[in-house]
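Inspection log for the structure reproduced underneath, given as structure tokens.
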Amino acid sequence: MQGKYDSVFIDKIRYKLPPKAIESSRLSKIAIRVLKSAGFVVPEGFIYTYTGIESRRVWPKGTNLIKECQNLAEQCLEHKTREDFLSWRYCSLTKPFLEPATIAAVMSGISQSREAEGFDISNACLGIADGLVSVANDIELGRTNCGLVIGFEDSRRLILNTLQYLQAHYVEKRDKRDFREMVASLTLGSSAVAISLNREQGICSLVGFYGQNDVTNSHLCVGGFEGNRLLVRTNAPALQEEGIPLVRDTIRKGLEYVGWDKVNVVITHQVGKKHQEAVVQELSGIADNCNFTTYSELGNMGSNSMPITLAMAIEQGIIQQGYRVALLPFASGLFAKPIFVQF
């Protein structure tokens, strides 16, 4: 699927990072104790060695997801006419409840129009990208003048569940494959983000998007409950082997679709060192800069990674006015959906 836009802009990106960081060295030591008790040996600091991730943030216990999202939404709505915001999306996997939609609780007390539409989007690390496209479509079609895309990810529970699972089951199973499938869960980071879009002006214009899938590989990263624990199992080598060609093919077709030969900057999905190196190699010749990353200190923040990394690149002067930029999210499934923006 693909689409182009004539009158859609990203107005603001507001984000918040939890104050507490958990170092990879700490998680590695905990996991190594389990491995040694099962007779296996891995190098000290293996999480950083394998992924290039030094730390990730986690929210303090008791953090109120709804309030954090509302605070960021308020920042995006400042000096705006709230009645113009008729399109709202919550796009993260972390949810405080199954029903109602998380966005309903976020909108409560903020949205000032009974005609405003809101719903949740859940699509792994593509959630925010899907939310941007959904709201952009509403603006382009004249259904609303403005919209908000919001995400909140909290990795604390999954990290703890993974460590508890390893402690309880790994020694008994003595299966290295079982352990390897769990490593990716230890790289996940936490954050919150809100992005406002409108039809008038902003920091950049949305030019278009181009999406493709390879759902024959939907089994490579699967999350769900095993007993009473929420766990995610990831075949990371296969995910990269199958995913990188999809990313390469999709962004090249996307560039052709929007009429661009190349871009100044690519904001990649922040998985880790090996993924980043593979993407940089594949994008040689069509991007001047693919090297701005946040995964080292923030880990893989799911679909929040793309907009937060974009915001930091703007703050640090990596992206200048006049630049053509490709936002390149990638998700299990497999799905890729580059979004092309003009500064």
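Every number here is computed from the coordinates shown, using simple stated rules; none is lab data. None of these values were measured; they are calculated from a predicted model. In this analysis, Cβ positions are derived from the backbone assuming ideal geometry, glycine residues included, and neighbour counts consider all displayed protein chains.
With K and R counted +1 and D and E -1, the other residues having a Cβ less than 13 Å from that of residue 339 yield a net charge of +2. Cα axis of helix 65-77 to longest principal axis of the chain: angle in degrees, 0 to 90, nearest 10? Roughly 30 degrees between the two axes. Distances between every pair of Cα atoms in the range 226-285, grouped in 10 Å steps from 0 to the bin holding the largest one, split as 17, 45, 23, 11, 4, 0 percent. Scalar couplings 3J(HN,Hα) for the range 139-146, obtained by applying the Karplus form with A = 6.51, B = -1.76, C = 1.60 to θ = phi - 60°, are 5, 4, 7, x, 7, 7, 8, 9 Hz; x denotes Gly and Pro.
Extent of the chain along its three principal axes (Cα atoms, max minus min coordinate, largest first): 62, 47, 37 Å. Over all other residues within a Cβ to Cβ distance under 13 Å of residue 219, the charged ones net out to -2, with Lys and Arg as +1 and Asp and Glu as -1. Going from the residue with the fewest nearby Cβ atoms within 10 Å to the one with the most, 284, 113 rank 284, 113. Give me the angle, in degrees from 0 to 90, between the Cα long axis of helix 305-315 and the longest principal axis of the Cα atoms of the chain, rounded to the nearest 10. It is inclined by approximately 60 degrees.
Think of it as helices only: each DSSP H run of n ≥ 4 in the chain is worth -39500 (n - 2.57), and spread over all residues that comes to -10000 deg cm²/dmol at 222 nm.
For the range 175-294, relative contact order (Cα pairs under 8 Å, six or more residues apart, normalised by length) works out to 23 percent. What's the local net charge at residue 134, with K and R +1, D and E -1, over the other residues with C-beta under 14 Å away? Neighbour charge sum, excluding residue 134 itself: -2.
Seen against the Cα atoms of the chain and their longest principal axis, helix 236-258 is set at about 10 degrees.
Going by Cα centres, the range 147-165 and the range 213-244 are how many Å apart? First find each Cα centre; the distance between them is then 16 Å. Cross-link reach is defined here as a Cα-Cα straight distance under 13 Å, omitting same-chain residues fewer than 8 places apart; for residue 61 the aspartates and glutamates meeting it are 154. Counting only DSSP beta bridges whose two residues both lie in the chain, roughly 70 percent are antiparallel.
Between the residues 202, 18, 268, the greatest Cα displacement towards the positive end of the dipole of the chain, with unit charges on the Cβ of Lys, Arg, Asp and Glu, is found for 18. Taking the number of Cβ atoms within 10 Å of each Cβ as an exposure proxy, the fewest-first ranking of 128, 203 is 203, 128.
Over all pairs of different C-alpha atoms, the range 286-340 has a mean inverse distance whose reciprocal, the Kirkwood radius, equals 12.2 Å.
Less than 18 Å apart at the alpha-carbon level, and either on another chain or at least 8 residues along: which lysines does that give for residue 274? Candidates past the 8-residue exclusion: nothing left. Going by neighbour counts of Cβ atoms within 10 Å, the residues 74, 68 line up, fewest first, as 74, 68. Relative to its Kirkwood radius, the Cα radius of gyration of the range 204-342 gives an Rg/Rh of 0.98. Sorted on the mean count of surrounding Cβ atoms within 10 Å across their residues, most packed first, peptides 158-165, 47-54 read 47-54, 158-165. Pairs exceeding a 26 Å alpha-carbon distance, out of 12/67; 80/337; 20/95; 95/337; 262/337: 80/337.
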